[in-house]
Amino acid sequence: MIVDAGRQRIPLRRDAVDLAALVRRLDLVLLLAAGALVGYGLWAVAGITRFDVPGDPGYYVTRQAIAAALGGVGLVLAIAIPPSLYRRHWRVVYGVAIGLMVVVFGFAEAIRGSKRWIDIGPLQFQPSEFGKVLFVLAIAGFLVERQRDLGRIRTVAVALALGAAPMLLVFLQPDLGTALVYAAAFSAVLFVAGVRWLHLALLGTLAATLVLGVLWFLPASGIEVLKPYQTARLTGFANPDADPSGLTYNVTQSITAVGSGGIDGRGVDEASQTRFDYLPEHATDFVFASFAEQRGFFGTAILLLLYLLVVWRGLRVVTVAGDMYGAVVAGGLVFGFLFQVFVNVGMTMGIAPVTGIPLPFVTVGGSSMVANLVAIGILQAIHARGREGGLR
């Protein structure tokens, strides 16, 4: 069927078929798992923040729901955009990512010594969260464009320079946790793209040397790279019993909250660590500990299984991607997601240093919610255009 709109002939049937085919090619399991995580996270936030704002128990969950709705729109738009568009214009994507990192230094208000958030009316926008997605799209585009030259150390060095720039900008905000997420995603992108093992080993050695320099060699020379609170967090992780009432207070309270949840949790009203704010940052950094106190082992097990389901389906996208670019992007996004979950959950139990990494779909924060849903949309776009009969 063709409709004549003036001089322009519009093939409606073809558009409808393409749209229908796109919808049929979505990974429904991944979509349902992400939807379940959003709903489960909103339920968790409703309980965790019920007593945070006197007279308005739904304050935070309402804002989180608005962010989820915006993220849903972003997810749909991400599905509609062909990943090949990012590949062709990876330089523009990279420029936008760098711009987002730079703009915070000029327009963000310092909160607790960090410039990470830009106020837009009643909302706070955290550019580095969206930068995670743009970073992967851009670096993957660079590597795939030079796929035949991946065996050359020069290509890997240029990729490292491109990746180091946004990492450094995020680190200087300062936001060590998010910089580590960028590094994890960068490593996955290099691996999936097919960089030689020797070059990966060299990069690993360089990273280890850099870490030792920041934590040991430079401080010994009187040059402090990390902020005092960042040093305190790492020191507390290395020696958790050194100062349980000060330096490691947050982690001590977090472990107490996780342990007090037991099998089925203490419920919202009886969760004293969360309700009476004995556990600092219980809706952000230590949201998993608060949820464990309220819902116990069963509640957290369901949450972790949902994360596992998303990771499993995300890794499947790597295997069905229609081209190398889709596979590399999917690998970077999924590993970055997994890294965030692992570190956030680990730091609440004292098995990872406190770095301020949010727990996807649960930590209160609109930017994180929207960025993660957009990432799910990109994975769906790659899956829908995969090699098993997908769209091009």
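Descriptive notes on the structure:
- Spin-label model, residue 21/residue 56: points 7 Å from Cα along the beta carbon direction are separated by 4.9 nm.
- Two-site FRET efficiency, residue 80 against residue 208, from Cβ-Cβ distance with R₀ of 25 Å, rounded to 0.05: 0.05
- Cβ-derived FRET efficiency at R0 41 Å, residue 269 paired with residue 161, nearest 0.05: 0.15
- Mean separation of Cα contacts under 8 Å (6+ apart) over length of region 251-333, as relative contact order %: 27
- For region 269-392, relative contact order (Cα pairs under 8 Å, six or more residues apart, normalised by length) works out to 27 percent.
- Taking label positions 7 Å along the Cα-Cβ direction at both residue 168 and residue 66, the computed distance is 3.8 nm, reported to one decimal.
- Charge context of residue 358, other residues only, Cβ under 12 angstrom, K/R +1, D/E -1: -2
- Going from the fewest other Cβ atoms within 10 Å to the most, the residues 86, 249 appear in the order 249, 86.
- Ranked for footprinting exposure by Cβ neighbours inside 10 Å, fewest first, 205, 248 give 205, 248.
Laboratory data are not the source of any read-out in this text; all were calculated from the coordinates shown. Every value quoted in this text rests on a predicted model; they were computed, and no experiment measured them. So basically every Cβ, Gly included, is an ideal-geometry build from the backbone, and we count neighbours across all protein chains shown.
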